[in-house]
Amino acid sequence: MLTARYLLRALRFCSSAPCPRHKPSAKLSVRDALRAQNPSGERVKVQGWIRSIRSQKEVLFLHVNDGSSLESLQVVAESSFDSRELAFGSSVEVQGQLIKSPSKRQNVELKAEKIEVIGNCDAKAFPIKYKERHPLEYMRQYPHLRCRTNVLSSILRVRSEATAAIHSFFKDSGFVHIHTPIITSNDCEGAGELFQVEPSSKIKLPEENFFNVPAFLTVSGQLHLEVMSGAFTQVFTFGPTFRAENSQTRRHLAEFYMVEAEISFVKSLQDLMQVMEELFKATTVTVLSNCPEDVELCHKFIAPGQKIRTYAKKQLFNWGIDLQTEHEKYLLKHCGNIPVFIINYPLALKPFYMRDNEDGPQHTVAAVDLLVPGVGELFGGSLREERYHVLEQRLARLGLKEAYQWYLDLRQFGSVPHGGFGMGFERYLQCILGVENIKDVIPFPRFTHSCLL
Ligand code: 4AD
């Protein structure tokens with residue numbers, strides 16, 4: 001058996017041995033080239049796609065972008081370069097000298113010595129037109145190309161940065177990361193919005209389920225996290241989640257990413273709300289400090305188009321009725337358009353796992369939602385029912401006792417008060433970037449009647 005230490009030693013040996021096929025390369029990302037402090041003619045190689053092209057009498061200016069930053073690198077070439085193939089959208093490799101730019105518009109530029117076109121771009125057929133601003137709805141038709149536009153690439157860089165920030169937040173707070181399963185036999189939310197998983201007909205066994213039981217794509221990793229919080233105290237997961245909801249709204253997807261945390265020994269909703277708030281703040285501070293230009297671009301080009309919707313002034317709230325979008329908007333506006341926590345929902349509206357507040361005729365559970373302006377519900381969480389007999393009775397009433405015997409077991413073997421929450425990652429991005437439609441903050445959106453690519 002090879003140990004990790006042995007493998008590391010072997011790898012160190014490989015990388016320190018000179019290898020004639022891997023000569024030191026001066027390849028730079030556009031981002032690193034732009035960050036060069038005092039460039040003085042170092043020879044570098046940059047690869048990317050042409051974002052703009054302008055030819056003057058004696059010189060040719062190109063802007064090359066490789067997705068590492070919003071800003072492109074200016075490449076200056078003598079007009080003797082054959083510019084016929086240098087078209088907007090083509091991929092190129094440029095070698096030359098990195099120098100301080102004489103223009104105030106940028107700090108550095110690349111004085112080209114060699115420009116190689118790697119792949120031509122047929123400008124006529126290319127749906128992205130030079131110097132045009134394309135609406136997000138238009139670009140949705142081209143999920144394979146829209147990442148080449150400034151706005152989408154900024155959104156996706158922020159998405160990547162926010163993902164890393166969320167992992168750092170939990171790691172720094174002592175949480176253990178758990179990979180919860182994508183295929184599961186339970187319906188955590190009990191809403192029946194499940195996609196069933198079966199082999200394609202060719203390999204289907206007659207009259208048998210592949211897993212012996214009906215299996216589904218997960219709607220939430222919560223129940224598996226609850227298992228793990230019984231050993232690791234604080235756990236989280238961050239992965240794809242699936243809901244077969246037939247809703248074509250600007251904030252629902254059939255496949256979305258959810259950040260979920262589960263914490264043992266938590267006794268009050270206040271403690272949960274504090275973690276939710278800290279997660280939101282820490283992630284947003286990191287995103288703002290690591291990619292301010294991307295965030296600014298989104299705010300400049302997307303957010304002003306957002307419509308603040310109004311709602312009719314009428315009797316909106318009746319006890320026992322679930323909150324609809326209209327109610328959420330009313331509450332947000334009433335509170336001055338700031339994030340708003342709502343706690344203690346009627347038991348009848350909520351899933352079986354939420355802790356009974358035993359508060360008489362109102363009969364509520366210790367649930368919490370966080371609403372944010374422009375989006376509505378961003379987080380949903382609760383204290384979990386940790387008392388064996390209370391949970392047993394609830395499951396029996398719902399006819400779920402047999403199916404959830406393993407879940408009941410957890411209350412029998414060292415049960416503790418605990419709670420957790422889930423945050424819709426796409427809704428988080430919509431909220432901080434001011435993006436109207438959830439389909440524009442995920443690389444490949446899946447929703448009713450649409451699964452492009
Ligand atoms: O409120 P939900 O359904 O909560 C749960 O699934 C819990 N089991 C989470 C937990 O406690 N571990 O979903 C959590 C969040 C919502 O607040 C919302 O932001 C997002 O997930 N969400 C969706 N996002 C996009 N498209 C959908 N169809 C969504 N459904 C929920």
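Pairing residues of the range 424-437 that are closer than 15 Å to PHE280 by Cα with residues that are within 12 Å of the ligand (Cβ to nearest atom) and in a helix (DSSP H, G or I), at Cβ distances under 7 Å and at least 6 apart in sequence or on separate chains, gives GLU426/ILE438; ARG427/ILE438; GLN430/ILE438.
The number of residues in the range 74-94 that are in a loop (DSSP other than H, G, I, E, B) and not hydrophobic (A, V, I, L, M, F, W, C) comes to 8.
Which of the following residues is at pLDDT 90 or above, closer than 17 Å to PRO373 by Cα, more than 16 Å from the ligand (Cβ to nearest atom) and out of contact with any Ser or Thr (no Cβ under 6 Å at 6 or more places or on another chain): ILE338, ILE342? Can you show your working first?
Details: ILE342 fails: more than 16 Å from the ligand (Cβ to nearest atom).
Of the residues listed, the single one that is at pLDDT 90 or above, closer than 17 Å to PRO373 by Cα, more than 16 Å from the ligand (Cβ to nearest atom) and out of contact with any Ser or Thr (no Cβ under 6 Å at 6 or more places or on another chain) is ILE338.
Which of the residues that make up the range 224-268 are small (Gly, Ala, Ser), touching a residue at least 60 places away in the same chain (Cβ under 8 Å), over 21 Å from PHE280 (Cα atoms) and more than 9 Å from the ligand (Cβ to nearest atom)? SER229, GLY230 - these are the residues of the range 224-268 that are small (Gly, Ala, Ser), touching a residue at least 60 places away in the same chain (Cβ under 8 Å), over 21 Å from PHE280 (Cα atoms) and more than 9 Å from the ligand (Cβ to nearest atom). Residues of the range 158-185 that are assigned to a helix (DSSP H, G or I) and open to solvent by 40 Å² or more (accessible area, probe 1.4 Å): SER160, GLU161, THR163, ALA164, HIS167, SER168, LYS171, ASP172. Within the range 52-73, the residues that satisfy the criterion of being part of a strand (DSSP E or B) and surrounded by fewer than 19 Cβ atoms within 10 Å (Cβ to Cβ) are SER52, ILE53, ARG54, SER55, VAL59, PHE61. Inside the range 371-420, residues that are in a strand (DSSP E or B) and open to solvent by 10 Å² or more (accessible area, probe 1.4 Å) make up a count of 4.
A Cβ distance below 6 Å, combined with a sequence gap of six or more or placement on separate chains, defines the contacts here; from the range 361-389, residues that are under 25 Å from PHE238 (Cβ atoms) reach residues that are more than 10 Å from the ligand (Cβ to nearest atom) and small (Gly, Ala, Ser) in the pairs SER382/ALA366; LEU383/ALA366; GLU386/SER415. Give the residues of the range 101-122 that are within 23 Å of THR149 (Cα to Cα) and either among the acidic types (Asp, Glu) or open to solvent by 80 Å² or more (accessible area, probe 1.4 Å) (or both), sorted by residue number. Those that are within 23 Å of THR149 (Cα to Cα) and either among the acidic types (Asp, Glu) or open to solvent by 80 Å² or more (accessible area, probe 1.4 Å) (or both): ARG105, GLU109, GLU116, ILE118, ASN120, ASP122. Set side by side, the residues GLU198, GLU189, GLU193, GLU207 differ, and just one is in the same structural domain as PHE236 (by TED's automatic domain parsing), at pLDDT below 95 and within 18 Å of PRO445 (Cβ to Cβ), which is GLU193.
Residues are listed down the side, and each one gets a yes or a no for (1) small (Gly, Ala, Ser); (2) open to solvent by 50 Å² or more (accessible area, probe 1.4 Å); (3) outside the structural domain of TYR407 (by TED's automatic domain parsing):
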site	(1), (2), (3)
ALA231	yes, yes, no
PRO240	no, no, no
ARG243	no, no, no
SER247	yes, no, no
ARG250	no, yes, no
MET258	no, no, no
LEU269	no, no, no
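If I filter the range 375-386 for residues that are more than 16 Å from the ligand (Cβ to nearest atom), more than 26 Å from the chain's Cα centre (by Cα), in the same structural domain as GLY192 (by TED's automatic domain parsing) and farther than 30 Å from ILE302 by Cα, do I get at least one hit? No, the range 375-386 contains no residue that is more than 16 Å from the ligand (Cβ to nearest atom), more than 26 Å from the chain's Cα centre (by Cα), in the same structural domain as GLY192 (by TED's automatic domain parsing) and farther than 30 Å from ILE302 by Cα.
Among the residues of the range 1-31, those that are modelled with pLDDT of 90 or more and open to solvent by 80 Å² or more (accessible area, probe 1.4 Å) comprise LYS27, ARG31. Every condition in (1) in contact with a helix residue (DSSP H, G or I) (Cβ under 7 Å, 6 or more places away or on another chain); (2) part of a strand (DSSP E or B); (3) closer than 23 Å to ASN150 by Cβ is met by LEU98 except one, and the failing one is (3). Tell me yes or no: at least one residue of the range 378-400 is within 21 Å of ARG159 (Cβ to Cβ) and of a type in the set (Ser, Thr, Tyr). Checked against the condition, which is being within 21 Å of ARG159 (Cβ to Cβ) and of a type in the set (Ser, Thr, Tyr), the range 378-400 yields no hits at all.
Go through the range 236-274 and give me each residue that's among the charged types (D, E, K, R), closer than 19 Å to GLY192 by Cα and part of a strand (DSSP E or B). The answer is GLU255, and nothing else.
The values are calculated or read from the model by the stated rules, or taken from the named source; none is laboratory data. Predicted model, so just to flag it, every value in this text is computed and none were measured. A quick note on method: Cβ atoms are made from the backbone with ideal geometry, for glycine too, and the neighbour counts reach across all protein chains shown. With ligands, DNA and RNA removed, areas are computed over all heavy atoms of the protein, side chains included. Shrake-Rupley method; radii C 1.70, N 1.55, O 1.52, S 1.80 Å.
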